[in-house]
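**Q** Below is one structure. I have some questions about it.
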Amino acid sequence: MTGTFGHVFQIALLSMLNVDLHCHSTISDGVLTPTALAKRAKANGVDIWALTDHDEVGGIPEARAAAAEVSLRFVPGVEISVTWANTTVHIVGLHIDETNAALIQGLADTRNGRQTRAQEIGNQLAMAGIPGAYEGALQFAGNPDLLSRTHFARYIIQQGKCSSVNEVFKKYLTEGKPGYVPHRWATLKQAVTWIRGAGGIAVVAHPGRYKFSPLAFDEFMQEFKQHGGVGVEVITGSHTVDQYAEYTQVATRYGMLASRGSDFHSPEESHVDIGHLPPLHASLTPVWQGWSS
Ligand code: AMP
Ligand code: MN
Ligand code: MN
Ligand code: MN
């Protein structure tokens, strides 16, 4: 099919695919193995699936093999922690070559410091009346190099101090709370450069979660584009229905490709399961347009 109508038609078809380009395994702070995630994605009707562990690509070979086993199209990905204007933002890299040396080194450098940070979180929680949190969090971590606040949250719930991950974050693990330890992650330029250097495309993860002023958000998006970032998550488990509409407009305004991903971590904790998301608005260009594998 050719011409404008053909193009619009193709994009509409692409928008209808069940694509989930954001989720976490035991390699970072998810509770399912890459294999279990691949099976779950397939069972949930996903057509194209990406694994995007935090700052780590170690789960990709297993995920790729498990996806092939169930005939599921697989996209190697990663979610990189970034500090921009003293705020933590997450940048998702898709279709990366996970064997790229600069990416691997960059991610190792980004993970570096999580140990010390975790020990400090443990000390602060002890002072707030929750002893043994560092060791406790480690018990929940599939990968000791990637101790995350989520693992602390699981320990605090196990100790009966809170009943949900959300509650733990509100009471203990966010800025101004007793277990919050600020950390400097990769720069925006580094994250986008590592992703692009590994042949991937860079996408802003769950933009609705950041507390930027409109001016700061604009500055962030301009800088992201300047470094070569091309996409923004519009439909994500972290967005409200209103934010689906808001970020549909944002993607359009900045001329960005649009992405879709559950950010699934756990059957018990995540309110959005893999592949259980509304489609992208048909006016958007999906990040998966033109992907042949
Ligand atoms: P970290 O990289 O160790 O700072 O941990 C960040 C992770 O904590 C995120 O990837 C989420 O999985 C989780 N997280 C952050 N904020 C919240 C929240 N408000 N409620 C639940 N989980 C959260
Ligand atoms: Mn996480
Ligand atoms: Mn994130
Ligand atoms: Mn995530």
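**Q** With the other protein chains left in place, how much accessible area per residue, in square angstrom, belongs to the chain at a 1.4 angstrom probe? Write out the running numbers ahead of the final one.
**A** On the way: 12890 Å² over 293 residues.
Heavy-atom SASA per residue in the chain reads 44 Å².
**Q** With a ≥ b ≥ c taken as the square roots of the eigenvalues of the C-alpha gyration tensor of region 28-116, please select rounded if a/c is under 1.5 and otherwise prolate if a/b is larger than b/c or oblate if it is not? Mind showing how you got there, number by number?
**A** Working: a/c = 2.12, a/b = 1.91, b/c = 1.11.
Prolate is the answer for region 28-116, as a/c is 1.5 or above and a/b outweighs b/c.
**Q** Comparing Val192, Val89, Val181, which has the greatest mean-square fluctuation in the GNM of the chain with Cα pairs linked when under 10 Å apart?
**A** Val181
**Q** Would you compute, for the Cα atoms of region 185-242, the largest minus smallest coordinate along each principal axis and list the three values in descending order, in whole Å?
**A** The Cα atoms of region 185-242 stretch 35, 24, 20 Å along the principal axes, largest first.
**Q** Count the lysine pairs in the chain that are 8 or more places apart or on different chains: how many have C-alpha atoms under 17 angstrom apart? Mind dumping the intermediate values first?
**A** On the way: Lys161/Lys170; Lys161/Lys171; Lys161/Lys177; Lys170/Lys211; Lys177/Lys211; Lys189/Lys225.
For the chain, the number of qualifying lysine pairs is 6.
**Q** When Lys and Arg each count +1 and Asp and Glu each count -1, what net charge do the other residues less than 14 Å away from Ser259, Cβ to Cβ, add up to?
**A** Combined, the nearby Lys, Arg, Asp and Glu give -3.
**Q** I've got another one for you. Using the beta-carbon distance between Ser283 and Ala108 and R0 = 51 Å, what value does 1/(1 + (r/R0)^6) give for FRET efficiency, to the nearest 0.05?
**A** In this case the efficiency is close to 0.80.
**Q** Something else about it: Which residues' amide hydrogens lie under 5 Å from the amide hydrogen of Val75, considering only partners 5 or more residues apart or on another chain, with H built in the peptide plane?
**A** When sequence neighbours closer than 5 places are left aside, the close amide H contacts are Trp49, Ala50, Leu51.
**Q** Rounded to whole Hz and in sequence order, give me ³J(HN,Hα) for region 224-235 from the Karplus expression 6.51 cos²θ - 1.76 cosθ + 1.60, θ = phi - 60°, writing x for Gly and Pro.
**A** Going residue by residue, I get 4, 5, 4, 6, x, x, 10, x, 9, 6, 9, 9 Hz, with x marking Gly and Pro.
**Q** Per the 1.4 Å probe, what fraction of the accessible area of region 252-293, in percent, lies on carbon and sulfur atoms?
**A** 51 percent
**Q** Further question: Carbon and sulfur atoms: what percent of the 1.4 Å accessible area of region 58-164 do they account for? Mind showing how you got there, number by number?
**A** Details: 2180 of 4510 Å².
It is 48 percent, rounded to a whole number.
**Q** Can you say what percent of the DSSP beta bridges in the chain, counting only those with both residues inside, are antiparallel? Round to 5.
**A** Given both bridge residues lie in the chain, the antiparallel proportion sits at roughly 40 percent.
**Q** Let me ask you something else. Going highest first, how would you order 166-179, 70-83 by mean Cβ packing within 10 Å? If you can, show how the numbers build up before the last one.
**A** On the way: 166-179: 15.8, 70-83: 21.1.
Averaged packing, sorted descending, gives the order 70-83, 166-179.
**Q** Running a GNM on the chain with Cα contacts under 10 Å, which residue among Ala198, Ala153, Ala128 ends up with the highest mean-square fluctuation?
**A** Comparing Ala198, Ala153, Ala128 in a Gaussian network model of the chain, the most mobile one is Ala128.
**Q** Hey, another quick one. Can you tally the net charge around Arg111? Count Lys and Arg as +1, Asp and Glu as -1, for every other residue whose Cβ sits under 12 Å from the Cβ of Arg111.
**A** Net charge in that neighbourhood comes out at -3.
**Q** Moving on to the next point. For region 188-230, state which trypsin sites (Lys or Arg not before Pro) are in a DSSP loop and have at most 13 other beta carbons lying within 10 Å of their beta carbon.
**A** Lys211
**Q** Then there is this: Find out how many positive minus negative residues lie around Leu280, taking Lys and Arg as positive, Asp and Glu as negative, among other residues whose Cβ is under 11 Å from that of Leu280.
**A** Surrounding charge for Leu280 is 0.
**Q** On a 0 to 90 degree scale, rounded to 10, what angle separates helix 241-253 from the longest Cα axis of the chain?
**A** Between helix and principal axis, roughly 60 degrees.
**Q** Please turn the phi angles of region 161-170 into ³J(HN,Hα) values with the Karplus equation 6.51 cos²θ - 1.76 cosθ + 1.60 (θ = phi - 60°), one per residue in order, whole Hz, x for glycine and proline.
**A** 7, 8, 10, 9, 4, 4, 5, 4, 4, 5
**Q** Sticking with this structure for a sec: Over the alpha-carbon set of region 67-127, work out the extent along each principal axis and list the three values in angstrom, largest first.
**A** Largest first, region 67-127 extends 50, 27, 21 Å along its Cα principal axes.
**Q** Quick check: from the Cα gyration tensor, does region 167-286 come out rounded (a/c under 1.5), prolate or oblate?
**A** Taking the square roots of the gyration eigenvalues as a ≥ b ≥ c, region 167-286 is oblate.
**Q** As a test of the formula, what do you get for the chain when each DSSP H run with n ≥ 4 contributes -39,500 (n - 2.57) and the sum is divided by the residue count, at 222 nm and rounded to the nearest 500 deg cm²/dmol?
**A** Value at 222 nm, helices only, nearest 500: -12000 deg cm²/dmol.
**Q** Quick one: grab the alpha carbon gyration tensor of region 105-149, order the square roots of its eigenvalues as a ≥ b ≥ c, and give me rounded if a/c is under 1.5, else prolate or oblate depending on whether a/b is larger than b/c.
**A** oblate
**Q** Right, next: Amide H neighbours of Trp185 under 5 Å, counting only residues 5+ apart in sequence or on other chains, H built in-plane at 1.01 Å?
**A** HN-HN under 5 Å from Trp185: Thr83.
**Q** Moving to a separate point now. Note down the Stokes-Einstein diffusion coefficient of the chain in µm²/s, whole number, using a Kirkwood radius over alpha carbon pairs, 20 °C, and 1.002 mPa s.
**A** In µm²/s, the coefficient rounds to 110.
**Q** Can you list the HN-Hα couplings for region 137-144, worked out from phi with the Karplus curve (6.51, -1.76, 1.60; θ = phi - 60°), rounded to whole Hz and with x for Gly and Pro?
**A** So the Karplus estimates, Gly and Pro as x, are 5, 4, 4, 8, 8, x, 9, x Hz.
The values are calculated or read from the model by the stated rules, or taken from the named source; none is laboratory data. Because the structure is predicted, anything quoted here is derived from the model rather than measured. Note that we place each Cβ from the backbone using ideal geometry, even for glycine, and neighbour counts take in every protein chain shown. The accessibility values were calculated without ligands, DNA or RNA, using every heavy atom of the protein model including side chains. Shrake-Rupley method; radii C 1.70, N 1.55, O 1.52, S 1.80 Å.
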